[in-house]
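For reference, the structure discussed in these notes is given below.
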Amino acid sequence: MSEQPSVFEKFPSGTLARLQRADQMWQALKENTRPLVESVQESAAPLGTTDWDVVVSGGTLGVPIAAILAQKQWRVAVLERGTVRGREQEWNISRSELQVLCELELLSPEELEEAIATEFNPVRISIRGGEDIWVRDILNVGVYPVTLIETCKQKFLQAGGKLLEEEPFAGVTVHPDGVEVKTKTGTTLKSRLLLDSMGHFSPIASQARQGKKPDGVCMVVGGCAQGFEKNESGDLFASFTPILNQCQYFWEAFPARDGRTTYLFTYMDADPRRFSLSFFLDEYLRLLPEYQNVDLEQLQWQRLLFGFFPSYRQSPIRYPWHRIAPIGDSSSTQSPLSFGGFGAMVRHLKRLSEGLDEALRCDALRHGDLAELHPYQPSLSVTWLFQQAMSVDLDGTDMDPDAINRLLRCVFAEMDRLGEKVLNPFLQDVVQFQPLSVALLQTTLRHPQVVREVIPQLGIETLLDWSRHYVGLGAYSGLYFLFKQFQGAIAELPPQQKYYFHRLLDAYCYGSGQDYYC
């Protein structure tokens, strides 16, 4: 930023230093100079006895699943490099998605209400040059992470779990009968299974990917401030500018317990020529007054946010080692359109907790067994085309500055015309074969010129690759309903065969987006 010290006087202390550290990480990712740490070793020697059934490394999004497993009477320990505490910034989600926390008896209905800080309606989709679309009950709840994580933490401790805070993960040795996890303070834990919940930049995930650069990145800046005009509605997806700086800018805005939160985000690759977080923050502050009809001088900033979220076409990731499984952002189960893993964590919490419980009971802990917890999901893979369609290639031909907005106007207008059954699942990152097919067909028939314009931007190779995922999405939809008919006939199967059948059914269910109805 051009005058960072004076600008940052308006923000909470330490913001400038955090921004500089984040930009250093972003630069290292773009240049692919991040050191590759070999944190996983293998040994042919038996470990012998184990003290734990599960060790979870990474507590903020790891403690909910740790609490569920502890409540199922497994011996569980959680490692956290700092203190297990949720952040101040609210997580936005739909209320219906939160009910799984009560279904799994992780939270009581009363505890869930305590964790909800804000609730508002409606939310808006606004694309430059188009008619606004208003929807209800979609991402209209703000969960206060401090309350949610603290409640889960206490449930974990009450169930007999052991919490090791200020214990950063150092490495793990995989033995035939267990894992030996070491922390940077010298603590050693012997366990049957290690769950990696250390996020996008997990050293284990990085080693598994062998330092591969991400295929796409969602860059986000934003903040929460007081001083806005009272507004009880939210913006789910907004765009009011043409392509700028080889990117299309998108906005979100939500009421918060201590002000109003606004985000600016964009999709890009990790090319070294891409701009910095500092530059993007300048753009946020430059455009925010126009977006929210507010004078920056009247805002009292509660916090400033910035980050970048890598995504990979090879997702979810399957670790090649026995007795180690990724969960949360480490596993890349979130859509490449999303820039937060809370929604994906909640969506997959039931599937993963039940799968891990079964795996522990029948000792299905080899890498082939655990890989079934992270199957190929066509519903996830098809979203890559949407991210690609909203990205601008630095080396591509000159694009019409309004090309992406024009495409989005047409697509959202058709989805809105087709009704909630088409629009609402998509807005919650759930892609299903029939709604997608109908939306694509109607867009092609009613706006053929727009579709023709986007083909050169995407490229034939990308479209052909996407086509196989689209076919897979349709196949998984049919296979889910077929295999579901046999669900009651597996009660007499041996435990390990039952484990594999359940994982197959989960793969077809989530891979076709049918979990939206469960």
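The values are calculated or read from the model by the stated rules, or taken from the named source; none is laboratory data. Small disclaimer: the values here were computed from a predicted structure and weren't measured. In this analysis, Cβ positions are derived from the backbone assuming ideal geometry, glycine residues included, and neighbour counts consider all displayed protein chains. Only protein heavy atoms, including side chains, enter the accessible area calculation; ligands, DNA and RNA are left aside. Shrake-Rupley method; radii C 1.70, N 1.55, O 1.52, S 1.80 Å.
Within segment 438-481, restricting attention to residues that are among the polar types (S, T, N, Q) and within 22 Å of E420 (Cα to Cα), the residue that is surrounded by the most Cβ atoms within 10 Å (Cβ to Cβ) is S477. For R351, the conditions (1) in contact (Cβ under 8 Å) with a residue 24 or more places away in the chain; (2) among the charged types (D, E, K, R); (3) open to solvent by 20 Å² or more (accessible area, probe 1.4 Å) all hold with the exception of (3). For segment 335-359, residues that are touching a strand residue (DSSP E or B) at 6+ places or on another chain (Cβ under 6 Å) and either closer than 25 Å to S467 by Cβ or part of a helix (DSSP H, G or I) (or both) total 3.
Considering only segment 482-493, I want to know if a residue exists there that is among the charged types (D, E, K, R) and open to solvent by 60 Å² or more (accessible area, probe 1.4 Å).
First pass over segment 482-493, keeping only residues among the charged types (D, E, K, R): 484, 492.
When the remaining residues are screened for being open to solvent by 60 Å² or more (accessible area, probe 1.4 Å), the result is 484, 492.
Scanning segment 482-493, I find at least one residue that is among the charged types (D, E, K, R) and open to solvent by 60 Å² or more (accessible area, probe 1.4 Å), so the answer is yes.
Each row is one residue, and each column tells you yes or no for (1) under 22 Å from V392 (Cβ atoms); (2) buried (at least 22 other Cβ atoms within 10 Å of the Cβ); (3) touching a residue at least 24 places away in the same chain (Cβ under 8 Å).
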| residue | (1), (2), (3) |
| --- | --- |
| A225 | no, yes, yes |
| F240 | yes, no, yes |
| R257 | no, no, yes |
| R313 | yes, no, yes |
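Considering only segment 91-117, state which residues are farther than 20 Å from R351 by Cβ and in contact with a Cys (Cβ under 8 Å, 6 or more places away or on another chain). Selection gives S108, P109. Note on segment 154-168: among residues that are buried (at least 21 other Cβ atoms within 10 Å of the Cβ) and not hydrophobic (A, V, I, L, M, F, W, C), the one that is nearest to V40 (Cα to Cα) is E167.
When you scan segment 169-179, do you find a residue that is within 25 Å of the chain's Cα centre (by Cα), part of a loop (DSSP other than H, G, I, E, B), buried (at least 20 other Cβ atoms within 10 Å of the Cβ) and of a type in the set (F, W, Y), even just one? No, segment 169-179 contains no residue that is within 25 Å of the chain's Cα centre (by Cα), part of a loop (DSSP other than H, G, I, E, B), buried (at least 20 other Cβ atoms within 10 Å of the Cβ) and of a type in the set (F, W, Y). With respect to being in a helix (DSSP H, G or I), surrounded by fewer than 18 Cβ atoms within 10 Å (Cβ to Cβ) and touching a Ser or Thr at 6+ places or on another chain (Cβ under 7 Å), V411 falls outside the description.
Just to be sure, is G307 surrounded by fewer than 20 Cβ atoms within 10 Å (Cβ to Cβ), touching a helix residue (DSSP H, G or I) at 6+ places or on another chain (Cβ under 7 Å) and closer than 30 Å to S330 by Cβ? So G307 fits the description; yes. Residues of segment 242-255 that are surrounded by fewer than 22 Cβ atoms within 10 Å (Cβ to Cβ), in contact with a helix residue (DSSP H, G or I) (Cβ under 8 Å, 6 or more places away or on another chain) and in a strand (DSSP E or B): L244 alone. Using the structure shown, decide if P289 is more than 26 Å from P336 (Cβ to Cβ) and at pLDDT 95 or above. It is true that P289 is more than 26 Å from P336 (Cβ to Cβ) and at pLDDT 95 or above.
Among the residues examined, P435 qualifies as open to solvent by less than 50 Å² (accessible area, probe 1.4 Å) and either among the basic types (K, R) or free of Cβ contacts under 8 Å to residues at least 24 places away in the same chain (or both). Tell me, which residue of segment 315-331 that is part of a loop (DSSP other than H, G, I, E, B) and aliphatic (A, V, I, L, M) is surrounded by the fewest Cβ atoms within 10 Å (Cβ to Cβ)? Ranking the candidates gives I317 first.
Taking segment 1-36 as the range and being more than 17 Å from Q300 (Cα to Cα), open to solvent by less than 90 Å² (accessible area, probe 1.4 Å) and at pLDDT below 80 as the test, the residues that pass are M1, Q4.
Screening segment 47-118 for strands (runs of 3 or more DSSP E) wholly inside it with 1 or more residues that are in contact (Cβ under 8 Å) with a residue 12 or more places away in the chain and open to solvent by 10 Å² or more (accessible area, probe 1.4 Å) returns the ranges 52-57, 91-93. Among the residues of segment 508-518, those that are surrounded by 22 or more Cβ atoms within 10 Å (Cβ to Cβ) and either basic (K, R) or over 12 Å from K484 (Cα atoms) (or both) comprise Y510, G511, S512, G513. In segment 16-37, of all residues being touching a helix residue (DSSP H, G or I) at 6+ places or on another chain (Cβ under 6 Å) and part of a loop (DSSP other than H, G, I, E, B), the one that is nearest to D282 (Cα to Cα) corresponds to R34. Within segment 477-494, residues that are at pLDDT 90 or above reach no partner that is of a type in the set (D, E) with beta carbons closer than 8 Å at six or more positions or on different chains. Taking the stated definitions as given, is H367 closer than 28 Å to V63 by Cα and either surrounded by fewer than 20 Cβ atoms within 10 Å (Cβ to Cβ) or at pLDDT below 90 (or both)? When the stated conditions are applied, H367 passes them.
Of all residues in segment 131-153, those that are open to solvent by less than 70 Å² (accessible area, probe 1.4 Å) and in a helix (DSSP H, G or I) total 8.
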